[in-house]
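Undergrad: Starting off with a structure, shown below.
The values are calculated or read from the model by the stated rules, or taken from the named source; none is laboratory data. In this text the structure is predicted, and so the values were computed from the model without any measurement. Cβ: placed from backbone, ideal geometry, glycine included. Neighbour counts: every protein chain shown.
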Amino acid sequence: MDPYSLLKVPRTADAAEIKRAYRRLARRFHPDVCGRNMQNIKRFLEIKDAYKFLLTKSQKSISSVCVSADGSTTEPCHGDLRDGSFLFVTLNARDALFGTSIDMEVTDREAYCPKCSGLGRICNNDNSLCPECGGKGYSRVSWSGAGLKVVCNRCNGTGAGTLEQCRLCRGTGKVVLQRRVRVNVPAGTRNGTTLKIPGQGAWDHARKQRSMLFVEVEVDLPESWRIVGKDIVSEMEIDCWTHLGGGYLTFRTIEGTEKVFTAPGELRNGRFVLQGRGWVDENGNRGDHIYILKIIYPSAPCPSSALKYMNMLMEMHWYSGTHKIFITEQDITR
Ligand SMILES: [Zn+2]
Ligand SMILES: [Zn+2]
């Protein structure tokens, strides 16, 4: 099937759109969500293949970080996407900024079902014995004068009279093993970064080794937060009184909420900078968190008494005494 229609994206889709589409479909069609039957697994693998294909096509190099095989050390690397296992993880802003370790379940290799030993059928509980071998599970044939044990065909060596389908492997005799991998996410990981971990993906039968594990990181930033360079930029609404007269404001940062006193006039340029509370650059230096202030004006012009009160308030607040700021009707009515 055409990968574009499989992912339900237009042919002009960029990497971000393709990733979004894949995440949406993966959440819906992952076998862990909709049931581990062959049909669901097949559909999910098709979606995953289409994703890999389109993502590689859409971007020559993506932001990638190589993680050592044991997941302990990290370094930047090229974004080539060869065959491997793809997983994605959503991190909160704090974990992405300071780095974290995550345990992930990786689809490993196919193995014989431990419940039915790969037969796909297990003994029924009715205690009946196999009429062919009398419950022994084998029959004895003579071969070159010696007695040879041959596994009974009828009961597959179980000796049971009736067999039922194994529920664990649904009669296929095989299960897909999951393996837990601890992945080190480096500090300052940005949205869309792909972590590459050699030897931790699914078992590659042809190469007789584990393939590359690709972990794509989605950083779940609070709404209206954007990472610009090493800074975080976000917006906040304040009323016109605070804009001009200052006062206590509560800002949300990566570190939590911070209550800051602002002097009259300090917010006049429509922004407030929380230094060292931003994101981080390649060298580990923190940027700033810049709040763009959206000034909310009352729908009607301020009454003159309120204006008088504001000016009085500012005079009281204004500690330096050299830069008195008085507001005019124009300040308030825009
Ligand atoms: Zn089984
Ligand atoms: Zn038998």
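Undergrad: Tell me yes or no: at least one residue of segment 126-137 is away from ligand 2 (no atom under 16 Å from the Cβ), at pLDDT below 80 and of a type in the set (Asp, Glu).
TA: No, that holds for no residue.
Undergrad: From Leu87, Leu97, Leu148, Leu177, which residue is in a strand (DSSP E or B) and closer than 30 Å to Arg286 by Cβ?
TA: Leu87
Undergrad: For segment 226-246, give me each residue that is assigned to a strand (DSSP E or B), under 15 Å from Leu293 (Cα atoms) and touching a residue at least 24 places away in the same chain (Cβ under 8 Å).
TA: Ile232, Val233, Ser234, Glu235, Met236, Glu237, Ile238, Asp239
Undergrad: May I ask you to list pairs of residues, at least six apart or on different chains, whose Cβ atoms are under 9 Å apart, with the first in segment 148-171 being within 18 Å of Ser128 (Cα to Cα) and more than 15 Å from ligand 1 (Cβ to nearest atom) and the second being at pLDDT below 80 and among the acidic types (Asp, Glu)?
TA: Partner pairs satisfying both residue conditions: Gly161/Asp126; Thr162/Asp126.
Undergrad: For the structure I just gave you, tell me whether Gly188 is of a type outside the set (Lys, Arg), surrounded by 18 or more Cβ atoms within 10 Å (Cβ to Cβ) and more than 18 Å from Thr100 (Cβ to Cβ).
TA: In short, no.
Undergrad: I'm trying to understand the selection: among the residues of segment 262-279, which are of a type outside the set (S, T, N, Q) and modelled with pLDDT under 90?
TA: Listed by number, the residues that qualify are Ala263, Pro264, Gly265, Glu266, Leu267, Arg268, Gly270.
Undergrad: List pairs: first residue in segment 132-145 and among the charged types (D, E, K, R), second residue in a strand (DSSP E or B) and surrounded by fewer than 10 Cβ atoms within 10 Å (Cβ to Cβ) anywhere in the structure, Cβ distance under 6 angstrom, at least six positions apart or on different chains.
TA: Arg140/Gly147
Residue by residue, here is whether (1) within 15 Å of ligand 2 (Cβ to nearest atom); (2) at pLDDT below 80; (3) more than 38 Å from the chain's Cα centre (by Cα) holds:
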residue	(1), (2), (3)
Lys115	no, no, no
Gly145	no, yes, yes
Gly159	yes, no, yes
Gly171	no, no, no
Arg179	no, no, no
